[in-house]
Amino acid sequence: MIFCTIVCCKKRDTGDDVYTNTDTINFGNSYQDVISDYNDSTSNIQDIPAIEPIKPKYAIIWAIIAPNSDSILTKENMSSYQSIGSDVIEMIDVSEDAKYRKMDEFEKTLYKDGAVPTGMNIRQRKILVFDSYAEASKQREEFIK
């Protein structure tokens, strides 16, 4: 019991030192220093240049549909086959992966919607990318003629 009393008293004395010395702790800057720091940091934020939005690109996809029996697709016989074009597609990412993904989606849609007749397959496909919607639409119009 004496041992517990001694230990408790020593712990309390140590705790008392912590609490009694709080008046010597520096709690930081004055109000003016804080306002000055705030003003400096906000002026730095204003100096950051604005990020320009990414301009989209516009694409059209063309697919050549030929009979399964024709093994060679040449420039001469290509005009006798059916070609199908997509609507103008807006693209932010124009990497090779993104282009092939769009072509695959278009091809899948053609098969799903029955645009490819029985006995025929998509034999060639191509994606053309333009800077403006007008350019893409004009090129699409040329293919339609």
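Derivation of every value follows stated rules applied to the coordinates shown; laboratory data play no part. Predicted, not measured: the structure shown is a model, and the values here were computed from it. Glycine also receives a Cβ, built like all others from the backbone with ideal geometry; neighbour counts cover every protein chain displayed.
Return THR109, THR118 ranked ascending by Cβ neighbour count within 10 Å, so the fewest neighbours appear first. Walk me through the numbers before you get to the answer.
Numbers: THR109 12, THR118 6.
In order of increasing Cβ crowding within 10 Å: THR118, THR109.
For LYS138 and ALA98, what does the FRET efficiency come to when R0 = 22 Å and r is the distance between their Cβ atoms, rounded to the nearest 0.05? Walk me through the numbers before you get to the answer.
Values: r = 23 Å, r/R0 = 1.03.
It comes out at approximately 0.45.
What does the charge count near VAL129 come to, summing +1 for each Lys or Arg and -1 for each Asp or Glu among other residues with Cβ under 13 Å from its Cβ? Mind dumping the intermediate values first?
On the way: positive: LYS55, LYS57, LYS99, LYS102, LYS126, ARG140; negative: GLU90, ASP93, GLU96, ASP131, GLU135.
Its environment carries a net charge of +1.
Collect residues whose amide H, placed 1.01 Å from N in the peptide plane, falls under 5 Å from the amide H of ASN121; neighbours closer than 5 in sequence don't count.
ALA66, ASN68
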